[in-house]
Structure formats: structure tokens, C-alpha cells
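The structure under discussion appears below in the form of C-alpha cells.
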Number of protein chains: 2
Amino acid sequence: MRTRYKTHRCAEIEPSMQRQEVTIAGWVHQIRDLGGKKFIIVRDGSGLIQVTISKNEASPELLEVVKELTLESVIKVHGKVRADPRAPRGVEITPSTIEILNLAKKPLPLDVSGKVSADLDTRLRERVLDLRRREMQAVVKIMDTALRVIRDYLRSQGFVEVFTPKIIAAATEGGANLFPVIYFGREAFLAQSPQLYKELLAASLERVFEIGPAWRAEESDTPYHLSEFISVDIEAAFMDYNDVMKILENVVYEVIKTVKEENAEELSILNYEPPTVSLPLPRITYGEAIEMLQKRGLAVPYGEDLGTPELRVLSSIISSPLYFVIDFPTKLRPFYTKPKDETPEISESFDLVWKHLELASGSSRVHKKDMLIRALKERGLNPESFEFFVRWFDYGMPPHAGWGLGLSRFMLMLTGRSSVKEVTLFPRDKKRLVP
Amino acid sequence: MRTRYKTHRCAEIEPSMQRQEVTIAGWVHQIRDLGGKKFIIVRDGSGLIQVTISKNEASPELLEVVKELTLESVIKVHGKVRADPRAPRGVEITPSTIEILNLAKKPLPLDVSGKVSADLDTRLRERVLDLRRREMQAVVKIMDTALRVIRDYLRSQGFVEVFTPKIIAAATEGGANLFPVIYFGREAFLAQSPQLYKELLAASLERVFEIGPAWRAEESDTPYHLSEFISVDIEAAFMDYNDVMKILENVVYEVIKTVKEENAEELSILNYEPPTVSLPLPRITYGEAIEMLQKRGLAVPYGEDLGTPELRVLSSIISSPLYFVIDFPTKLRPFYTKPKDETPEISESFDLVWKHLELASGSSRVHKKDMLIRALKERGLNPESFEFFVRWFDYGMPPHAGWGLGLSRFMLMLTGRSSVKEVTLFPRDKKRLVP
């Protein structure tokens, strides 16, 4: 779209536009002085373009403006496109005027051009500048592709997009780690997952998905946890855990394929290649996983959850970069998880694992009321506190299944970054509430 | 996708599949007994299909199962497709087996088939059943189309999808109507809009959009307010309010066009036709609007906001069903709104109006630090409380603009429903925290 600030975005300027008059606007990404020439690299959301000023040929007014420029100042440049094989992407702009829209103070609290590195704490404090770095712009573009492909794929399978309530009256999965909200003088909580509501929606709409925030009051500071995170959730009636695993692996496959096709430039900026996967992904039962670990000498007894160290070893054994661990002991999983009909101590459940990380978690769900009440009681939960949920099991609760995928962990796999805080625009943790 | 519960969804069964063996699963929507025949209408997320049992031809076992059936029970039907012009959509299934997956209790607390109407309070209390009504399934499908078209259009204009933090340290627009959150023992708040964060992201990524929840502690109970609502937001650097109005009217136009094309069936279920609009939408200045209202005898002085009664009269005068009111007095708008350069008492602002409702609101934003600090002070706000926002104006804040569109009000225009509570899956208001 042509606006009064620009006729083109930086990345749209191409050698084939030779001699065309254009207006661009963006941030001063770099300034270089090479004797008779000044090179200004201008950046906008689309990418970079070089603006070249010959000191001999430029007007005194233009040279005066150029002298004033500081890094990250906001400028509008009007000029002619010039194809030049020496310029980045083979094209540059010869400016007739440069207008300073907002001059940036110097020095900057963070280097945007990428020459000086900073630790993650500094980067998150100076986040608005940090997000201007090419690596972070690449991360954001890959996330944009992932979100689009996830939704497109789920829609192609008959899922509709929903929004579940985020302020809830009761804890969905027990009660720990909840953030209290003062709701018109009453105590309420922030949803730690859309779990129970998405189940109710599957009981009404059959196939639903949601991409939205969820909250857990995580006390510990790790590269894999946030207090506020984006959860990608699906829930489907008339499916079991095998069906929704198939949907999940298709989603993962489609996203990786599309990112490799459409974000080759961003991946090269990040110097990273997402894993190559072939479908179906391996399915290893929890029991097999425990045996494999014990054979490697790990003292992990059957019945204990698989943590980071266990998953790290498991992933070193399994040849696929992504795989499912399935059939967890029922008591390791939340009350809504369906036990297997023949062996109820084992559940129809799964985790999607990459390296040492659980990316997603899912299961078939309980759909019979008596079984649900028993499951609640077995976990020391009071069925009466879950009445808003339990009562619908009287009125046509279908067999159903679903999963939740942590967007930021998924992004680690897609971008090779090392902390979920890095791939979250403004992360929230125990010590971080601004910016 | 073929699962163990179904080979097809109900709406996929067509007359051309004559004699094909199929398995479907869904809810018992209706049961009719016509002498020698029983008709069971089965519903899933895709639509309805008729299952016809001839009492003469069916096995005693099948007849026994059919006798047991209650409305909204969950069943799996295996049988043969039969084209029959007398059946709805000209097709039905002759079942060989019917399996009851979950029997529903009777009577139901709400009629799903649509014969008995209920008031909105009852419907919201019995929401899981209410969402099974064909009208609500139609609403959800139209919302799904709207969300898809909004994102596709914005992506086509170079916008990337973002998520801003929902737990924030300070009030964005003053402080009233906030829900407090207890954040690791500290007081924090739920974001009443992504406003300041989307501005910071426009200063990093140039063009961003977000579709996510926002919260306002609305004391009053009206058909147009919710405590928790979904806000569609964009923010773009190097654009002014004229540019983002163009984007907004294009979004509205594309959504209406696509809904009419793809959701004709849903619109017919709702017995509603969204308004026909032609672009550009009329732009009426606030000053002109006041004059028009005064000519009609309304005692609305210049400088006062336009409320529901004023908009109702205004919309009766203006020929277009949707229009912009622009150039509001600066002091009527939030501190981040940019005053006009020549007449700073008037701002570069707009509302999108449909009938008596403001659907969206937007403006050019202040991008100069001194002007921002002045604007905060003029509204009695302390610039120091906004330091997390203000400090970035030193480091390359571009001129920028944006808008926020309330999804549920937009849905009223698209579906002809009369309350935002009806078009929100699980609405939250002062008295409603469950389901």
C-alpha cells in the first residue's frame, strides 16, 4: 500500500526497477563512510536497502542531513533506484532528499546491527531495540508462518477457531500455580489451560482449535518455562489419541516444510535448519522408554515421570529428531485422561518430544460420567468443585481427544534459539513484568 | 479424516454416494415416528443427516436400540447411503447397526432442536446445549470465516501476527475498570487493550496485528459490553489514520463478501443478510456529525462524546450502513492520539460506526517524546508511571497509526444477533463466571 511515507517497502526495491523514483521510510540500520561515499543501510519490517550518497554529487542540504543521522533514527528517503552488483541484493537508492522523522538519541542501550552481542537479560530489558535485530525479525517471521500453517491445516480438517474464557471460577487441573484475579470483589483465577472449556466445546461443535494465552505461576527460572505462554490447543469429538496424534504430526510436518520453503532467508540469518522429519513419527510406549533408559543405566523406576535428563538420554537413543512417547501410567496424567479399556492403569496419552523437551501433550479423554467422578476422587479432587464441567456428561458427551502444544517451545525447534524467553516478544516470569 | 468412529461427517453424505457403506457419528438431533418408519436426524459439527429405519425391515436388535434413544444421545451409525428426494438434502442412511456411545438423560434443560425458545440467561446457563443449536453453529462458522479473512487480508498487506503480554504492571489508558492480578505477591493488572505494546511492536516490526483477549471491569450490564472480550488490533509504522482506515474498510469489505459467498447456508439459518457496503465508506467529521444532530433537534454540545442515542440518530441520517466518524476533539481521545498539526484541538482519530454501535476505534499516534509527555500531563497522568513506554520514544519511534475492532460487535453486524453475549462462546460479565 502506498502511503505518504513510502511508495515501497525496503525489500520490494529490486534491480529491475532501475531509474524508478521511489520513496522509502525506515530506521537507520548502519552508516558507513568510504572516502567519497556514504552508505546508509535503511531497515523496515520487510528488510534492508542501501542508500548511497556521493559526496561530490549530493547537495549541501542533503549532506547536512546525512551528517546529523544517528543509528536507529527514523528517516524518509526519496530517490532513484540504481542497480549495482556491488550493493547488497544488487540494488541501491541514490537519494534526492532525506527527511529525519525522528532523531534517535545516542548511544543506544543495545546494538541493533548485531556486531556487539548482549546477554539475554539485557536484551529483554532493551527489548524494543532487540526486536529490531535481524535475528529477532527472522524469528517473528517464522512464527507468523507457523501460525498461518497451523490454522490452515486445522481448518482443512474441519476444525473451527474458538476463544475460551480466560477468567475462571475454579482450578482446572488441581489448583497449584494459579494466578488469582480480583473479579468484581470475588476471587477468580487466570486459566492455566483451555482444557475443560475446549472439551465442552468439542461436545457442542465437534472439532475446535484455539491459539491463545494461558498462565502458570512458575516459581522456577528455566529456559523452558514462562508465567504467560501461548498455547495451541485442539479438541475433537469422535476421535481418540491415535487420531489426534496423526493431526499433530501432520501439523508439525506441514509447518517445518513451509518454513523451509518460505523462510529460507530467515533460517539463513539464524544459521539454523529445522529437523527433517518423516511421517509417521515413531511411537514409543512409556514402558519401552523406561526399559531403554534403565538399559543405559539410569535409575528411573517405572511410574515416575520423564524429566529433562531422561528425555535427553531417550532422544540420543531414538533416531528420529521428533517422536511420541505414548501410553503413560494413568496416575501420572490429569483426571480427564482416558484409561485404556483393557489395562486401566495405563492411559491413552502421549507427549511429543524434541531433544529434551516435551513440545505437546495430549490424550483421549474420559467421556463417561461415572468414570470421571472416580478419576477426580482418585486424585483427591472434589467432584462438586467441578460441577460446572461434570454436569454436561449427562447430556451427550461424545468420546473425544485433543492436545496442547506450547508455541514457544515449538518455536525453539523451528528457530534453534535456546530459551523460550527469546522467542516470546515480551516474556513474563517471576521477576519480569516490564516491558 | 477416517477414524474408528466415522468414515464421513454428516454433511459429507451426498445423493451421489448411493449404496455406499458409511459410518457416521453424532448427536440425536430429532426423532420422528411415522407409522412404519422412524426418522432419526443425526447432527455433528458439519451438519445434519437423516437416518431412516423401516420397522418391517430392521432387525429386532436395531429396533431395540432405537427405542432406547433419547435426544442428544451420542450414537455411531453404520449403514448404506440412499438417495431419496423426500429426505432433507435428498439423501438418507439406511442403518445396519446403531451403537449408543453415550446416552443422554431426559428431559434436557434446553431444547436443542430449536422448537422451544429460551431467554438469553437460560441459554447462557445451559450454554453447552445452546451451542448445539443450529443458529449458534452458524454463528461459530461465520466467526471462523471472519477470523480467517481478517488474518489473510492483513498478511497480504505485510502485517505479522504478534502476541502482547496480558499481565501488565501499569494501567494503559488511565486506570479505571482494571482487574487486579496477584502476580507472585505483587499487584499487577489484566491488560485492557494491547495498545502500548502494539505501539512498541510497530516501532520494532513495522506492521503487526493481534487477535486476543482484553479485559474491562464493566459495572453495567448492557448487550454491548463484556468483562472479557476479543480485540482485533493492528498497528503500523509509517502510516497515518487515513492509511489504517483504508485497511479497516478493506477488512470489513472482504469479510462481508466472503461470508456472503461461503456462509450462505449459515446466513439462511440465521435468516439474516449482512449489510451491503461500497468503498470508500463515508467519512463524516465529528463537527459535521454534531451539526447534523443539532439540526435534528438533539441537544448535544460540541465537545461531548457520541453515545448510543446520538449514533442511532446519526445512522438514520447517513445512507451507508457503515461509516467513519473522524477528527474527534483531542481531549475526547486517549493520550496517545495524535493532534492535527494545524489544529491541535482536533485529533487524527476515527470510529467505525454501524447502527448505534462503535465497532472500531483508531488514530494516528503521537510519536514525538515531548508531545507525548505533554499529552499525559494534560490528562492528569504521571509520565513517570509510563516510563516503560515513554523511554522508547528516544530511540527511533516512527510515525504510526492503528485501530482496535471488537470481535463480538463485529459479529453482531455479520450475524444480526442482538447481544454480544450471544456471539461470545462463554461470556464473562459482572454476574457470570461460569460456565
Quiz item: By Cβ position, which chain A residue lies least far from the axis that rotates chain A onto chain B, and what is the distance to the nearest whole angstrom?
Solution: A:Val181, 3
Quiz item: Which shape class, rounded, prolate or oblate, goes with region B:208-301 when its Cα gyration tensor gives a ≥ b ≥ c as root eigenvalues, a/c under 1.5 marks rounded, and past that a/b bigger than b/c marks prolate?
Solution: rounded
Exercise. At 7 Å along the Cα-to-beta-carbon direction for both A:Asp152 and B:Ser418, put a label point, then send me their distance in nm to one decimal.
Key: 4.2 nm
Quiz item: Is there a simple number for the mean count of other chain Cβ atoms within 10 Å of the Cβ of residues in A:121-134, and what is it?
Solution: 3
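Over the residues of region B:308-376, compute the C-alpha Rg and express it relative to 2.2 N^0.38 Å. Write down the numbers at each step before the final one.
Values: Rg = 13.7 Å, N = 69, 2.2 N^0.38 = 11.0 Å.
For region B:308-376, the normalised Cα radius of gyration is 1.25.
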Exercise. Take the Cα gyration tensor of chain B, multiply each eigenvalue by 5, square-root it, and list the three semi-axes largest first, rounded to whole angstrom.
Key: 51, 23, 20
Practice problem: Return the distance in nm (one decimal) between the two label points of a simple spin-label model at A:Val116 and A:Met1, each offset 7 Å from Cα along Cα→Cβ. | Solution: 3.7 nm
Practice problem: Work from the charge dipole of the protein assembly as shown (Cβ charges, +1 for Lys and Arg, -1 for Asp and Glu, about the Cα centre) and give the residue of A:Pro109, B:Val255, B:Ala87 farthest towards its positive end. | Solution: B:Ala87
Quiz item: Based on DSSP H assignment, which helices of chain A show an axial Cα extent of at least 27 Å together with a mean Kyte-Doolittle hydropathy greater than or equal to -1.0?
Solution: A:134-156, A:241-262
Exercise. Excluding residues on the same chain fewer than 8 positions from A:Lys6, give the lysines whose Cα lies under 19 Å from its Cα.
Key: A:Lys76, A:Lys80, B:Lys246
Practice problem: Just need the relative contact order of region B:200-239 here, percent rounded to a whole number, with Cα pairs under 8 Å and 6+ apart. | Solution: 51 percent
Quiz item: P(r) for the protein assembly as shown: what percent of alpha-carbon pairs falls in each 20 Å bin, starting at zero?
Solution: 14, 44, 33, 9, 1, 0
Self-check item: Structure-based [θ]222 nm, chain B - -39500 (n - 2.57) summed over DSSP H runs of at least 4, per residue, nearest 500
Solution: -8500 deg cm²/dmol
Quiz item: Which of the GluC sites (Glu not before Pro) found in region B:174-273 are loop residues per DSSP with 13 or fewer other Cβ atoms within 10 Å of their Cβ?
Solution: B:Glu219
Quiz prompt | Average projection area in nm² (convex hull over Cα atoms of region A:251-330, one quarter of hull surface) | solution = 6.4 nm²
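Over 21 Å between C-alpha atoms is what I'm after, so list which of B:Lys141/B:Lys198; B:Lys340/B:Lys369; B:Lys340/B:Lys368 land there. Write out the running numbers ahead of the final one.
Values: B:Lys141/B:Lys198 28 Å; B:Lys340/B:Lys369 16 Å; B:Lys340/B:Lys368 13 Å.
With Cα atoms farther than 21 Å apart: B:Lys141/B:Lys198.
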Practice problem: Using the 7 Å Cα-to-Cβ label point, sort the distances from A:Ile317 to its equivalents in the other copies shortest first and give them in nm to one decimal. | Solution: 7.8
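Please compute the net charge surrounding B:Pro321, taking Lys and Arg as +1 and Asp and Glu as -1 over other residues with Cβ under 12 Å from its Cβ.
Details: positive: B:Lys355; negative: B:Glu273.
Result for the neighbourhood of B:Pro321: 0.
Please list, by residue number, every one of the trypsin sites (Lys or Arg not before Pro) in region A:162-263 that is coil in DSSP and has at most 10 other beta-carbon atoms within 10 Å. Intermediate values should be presented prior to the final figure.
On the way: sites: A:Lys166, A:Arg186, A:Lys198, A:Arg207, A:Arg216, A:Lys246, A:Lys257, A:Lys260; in loops: A:Lys166, A:Arg216.
Sites meeting the loop and neighbour criteria: none at all.
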Self-check item: Distribution of pairwise C-alpha distances over region A:10-102, 5 Å bins, in %
Solution: 3, 15, 29, 29, 18, 6, 0
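Return the average number of partner chain Cβ atoms within 10 angstrom of each residue Cβ along peptide B:201-210. Show your work: numbers first, answer last.
Working: counts 7, 1, 8, 14, 10, 11, 5, 4, 1, 1.
Mean shielding by partner chains, rounded to a whole number: 6.
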Self-check item: Largest-first principal axis extents of the Cα set of region B:181-239 (Å)
Solution: 38, 36, 13
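Do any GluC sites (Glu not before Pro) in region A:284-377 lie in a loop, going by DSSP, with at most 11 other beta-carbon atoms within 10 Å of their beta carbon, and if so which?
Listed in order of number, the matching sites are A:Glu342, A:Glu345.
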Quiz prompt | Pairwise centroid distance, computed over Cα atoms, of region A:23-58 with region A:229-264, Å | solution = 42 Å
Quiz item: What would the Debye formula give as log10 I(q)/I(0) at q = 0.20, 0.23, 0.25, 0.29 Å⁻¹ for the alpha-carbon point model of region A:87-135, no solvent?
Solution: -0.84, -0.92, -0.96, -1.07
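For peptide B:11-19, how many partner chain Cβ atoms fall within 10 Å of a residue's Cβ, on average? Don't skip to the end; give the middle numbers.
Values: counts 1, 1, 0, 0, 0, 0, 0, 0, 0.
So the per-residue partner count for this stretch is 0.
What does the charge count near A:Met136 come to, summing +1 for each Lys or Arg and -1 for each Asp or Glu among other residues with Cβ under 11 Å from its Cβ?
On the way: positive: A:Arg123, A:Arg127, A:Arg132, A:Arg133, A:Arg134, A:Lys141, A:Arg417; negative: A:Asp130, A:Glu135, A:Glu266, A:Glu422.
Around A:Met136, the charge tally is +3.
Compute the relative contact order of region A:129-415 as a whole-number percentage, counting only Cα pairs closer than 8 Å that sit 6 or more residues apart in sequence. Let's see the in-between values first.
On the way: 486 pairs, mean separation 56.9, N = 287.
This gives 20 percent for region A:129-415.
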Quiz item: Any idea what diffusion coefficient region A:280-435 gets from Stokes-Einstein, in µm²/s, Kirkwood Rh on alpha carbon pairs, 20 °C, 1.002 mPa s?
Solution: 122 µm²/s
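Around A:Leu293, what is the net charge, scoring Lys/Arg as +1 and Asp/Glu as -1 over all other residues with Cβ under 14 Å from its Cβ? Each step should come with its number before you reach the end.
Details: positive: A:Lys295, A:Arg296, A:Arg312; negative: A:Glu288, A:Glu291, A:Glu304, A:Asp305, A:Glu310.
My count for the surroundings of A:Leu293 gives -2.
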Self-check item: Projected label distance in nm at B:Ser220 and B:Thr70, using a 7 Å step from Cα toward the beta-carbon
Solution: 4.4 nm
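FYI, it's all coordinate maths here, none of it is from the lab. Nothing here was measured: the structure is a model prediction, and the numbers come from that model. Cβ sites come from the backbone with ideal geometry, for glycine too, and all protein chains shown count toward neighbours.
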